[in-house]
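Novice: Just passing along the structure, written as structure tokens.
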Amino acid sequence: MASPATQSVMQAVKSDHERTLVDLKVLTEIAAPPFKEKARAEAFLARAKALGLDARIDAEGNVIGIRKGTGNGPKLLVSAHLDTVFPEGTDVTVNIRDGKWYAPGISDDTRGLTVLLSWIKVLNDLHIQTVGDLVFAANVGEEELGDLRGMKAIFREHGDLDGMLGLEPDPSGSITTGGVGSHRYEVTFKGPGGHSYVTFGLPSAIHAMGRAVAKIADVRPPANPKTTFTVGTASGGSAVNAIAAEARMAIDIRSSDNSSLQAADREILAAIAEGVAEENARWESTALNYSARLIGDRPGGNTPRDSRIVQAAVRANEAFGRAAPRLVPNSSDANVPMSLGIPAVILSSGGESGGWHSKGEWWNPANAWVDAQVGLATVLALVGVRDVSEPLLSPRR
């Protein structure tokens, strides 16, 4: 931090703040629903190339560009995700009121994308030569049923990555060091169906689902490690006067510990089977059945507190006069490298924000450049800067 080169970089990040607001408005107003991130990816790619990054869109839809170091250093992935949770047709126009910027997806995670672009610009403008390689990625599939497909593809195709640093609208002063794993199921119940009066006595798909939900609600997962579940959606039936022939529900199960996740998974699937068996037994039937399809599998993991990537992020925060940051678990793109034993963290992209995953999402640009400075200071410490510092991140290969 004391070197003139680093000080110049930090000042350049602050000076670039106003320009990043232009990128933020442009990218936010390009809708990026789950599985439909192409238009935003192409816009990000064009901007990254204009700023001097040799980049491309890979087979999964991620924008990938490598900024080479001097050689023999580590290879660090820095990323932000392209997709938002909002369905096609959502109004993503940016509105500014009382100093806050309002738009769906503006902070989660469009702001992170603009910080990546700012880092590319600053490093190239100042001709900063890192020791290790920086792999910039604007990835797909972080939200909803994207199931981290973009990040999974990156680590499948780039087996030589030594670490990962992602950007999200996390509160300033917190670092994500734990990856909360999750399983998601779509469960479908099917029965014979029939008239509610004439064929009364047949098993009902909705009744079976109700029995299953009641049993799931009685599951008691451990409080530590924190393990959770919810039946998030439920639907079925065709008419008020018909015995339901079909019903379906979606279940989300999460835990910060993989073994606890597996245990909760088994207990919940057993509860469903019991509910179906009870509905069949009630009517002395075997006509009703069910199927459970895994629609989401986010691996869990953890980056140890004493790892160099965590300590670099902690000390970068402290170098800007902040208190020691909180180390927290989350479900994010970092789950993938953590599950592979590759050190990873998620840092704040900067700027106070709120209303995530709602149409009232907002972001405040005041002093947002500080977290962008902290993040880039962490990145440079990890990969090293020629004639300034050696890399703190150790190559795995």
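Readers should treat all values here as calculations from the given coordinates under stated rules, not as data from a laboratory. Please read these numbers as outputs of a predicted model, since none were measured by experiment. Glycine also receives a Cβ, built like all others from the backbone with ideal geometry; neighbour counts cover every protein chain displayed.
Novice: Given the pairs LYS14/LYS49; LYS25/LYS121; LYS75/LYS100; LYS75/LYS152, which are separated by over 27 angstrom at their Cα positions?
Specialist: Going by Cα-Cα distance, LYS75/LYS100 fall outside the 27 Å limit.
Novice: Obtain the nm distance between the two label points defined at PHE35 and ALA5 by a simple spin-label model: each point lies 7 Å from its Cα along the Cα-to-C-beta direction.
Specialist: With each label placed 7 Å out from Cα toward Cβ, I get 4.7 nm.
Novice: Tell me, which longest segment in the chain has none of the GluC sites (Glu not before Pro) that fall in DSSP loops with at most 15 further Cβ atoms within 10 Å?
Specialist: With a cap of 15 other Cβ atoms within 10 Å, the longest stretch comes to 89-283.
Novice: Please check: in the Gaussian network model of the chain (C-alpha springs, under 10 Å), which one of VAL198, VAL122, VAL26 has the largest mean-square fluctuation.
Specialist: Answer for the Gaussian network model of the chain: VAL198.
Novice: Looking at segment 181-298, I'd like the Rg to Rh ratio, where Rg is from alpha-carbon atoms and Rh is Kirkwood's inverse mean 1/r.
Specialist: We get a ratio of 1.04 for segment 181-298.
Novice: VAL26 to GLU42: extension gain in nm, 0.36 nm per residue of separation minus the Cα-Cα distance?
Specialist: Between VAL26 and GLU42, full extension yields an extra 4.5 nm.
Novice: Pick out, in residue order, every one of the trypsin sites (Lys or Arg not before Pro) in segment 250-351 that is DSSP loop and has at most 16 other C-beta atoms within 10 Å; say none if there are none.
Specialist: Of the trypsin sites (Lys or Arg not before Pro), the ones in loops of segment 250-351 whose Cβ has at most 16 other Cβ atoms within 10 Å are ARG305, ARG322.
Novice: Nearest 20 debye, what's the magnitude of the dipole of the chain about its Cα centre given +1 on Lys and Arg Cβ and -1 on Asp and Glu Cβ?
Specialist: Dipole about the Cα centre, nearest 20: 420 debye.
Novice: How long is the gain from SER235 to ARG220 if the chain were fully straight, where each residue apart is worth 0.36 nm and the alpha carbon distance is subtracted?
Specialist: Residue separation times 0.36 nm, minus the Cα-Cα distance, leaves 2.9 nm.
Novice: Pick from PRO192, PRO169, PRO34: which residue has the top mean-square fluctuation in a GNM of the chain where Cα pairs under 10 Å get a spring?
Specialist: Taking springs between Cα atoms under 10 Å, the residue moving most is PRO192.
Novice: Would you work out which of ASN139, GLY350, SER394 lies farthest towards the positive end of the dipole of the chain? Charges go on Cβ: Lys and Arg +1, Asp and Glu -1.
Specialist: The residue sitting most towards the positive pole is SER394.
Novice: Can you give the charge dipole size of segment 181-298 about its Cα centre, rounded to the nearest 20 debye, using +1 on the beta carbon of Lys and Arg and -1 on the beta carbon of Asp and Glu?
Specialist: Here the size comes out at about 200 debye.
Novice: Could you calculate the contour length gain from ASN364 to ALA270, that is, 0.36 nm times the residue separation minus the distance between their Cα atoms, to one decimal place in nm?
Specialist: 29.2 nm
Novice: To continue, here is another question. If packing is taken as the average number of other Cβ atoms within 10 Å across a peptide's residues, how do 216-222, 5-11 rank, most packed first?
Specialist: Averaged packing, sorted descending, gives the order 5-11, 216-222.
Novice: Something else: Let's test the formula: R0 of 30 Å, r as the Cβ-Cβ distance of ASP98 and ALA323. What FRET efficiency results, to the nearest 0.05?
Specialist: 0.60
Novice: What FRET efficiency would be calculated for the residue pair ARG156, ALA287, taking the C-beta separation as r and a Förster radius of 45 Å, to the nearest 0.05?
Specialist: 0.55
Novice: Looking at the calculated P(r) for segment 105-162, what percent of the C-alpha pair distances fall above 19 Å?
Specialist: Distances greater than 19 Å cover 45 percent of the Cα pairs.
Novice: With bins 5 Å wide starting at 0, give me the P(r) of segment 1-90 over every alpha carbon pair, in whole percents.
Specialist: 2, 11, 16, 20, 20, 14, 9, 5, 2, 0
Novice: Along Cα→Cβ, 7 Å out, is where each label goes; now give me the distance between the ones at ILE295 and HIS127 in nm to one decimal.
Specialist: Here the modelled spin labels are 5.5 nm apart.
Novice: Return the ratio Rg/(2.2 N^0.38 Å) for the chain, where Rg is computed over Cα atoms only.
Specialist: Normalised Rg, Cα atoms only: 1.12.
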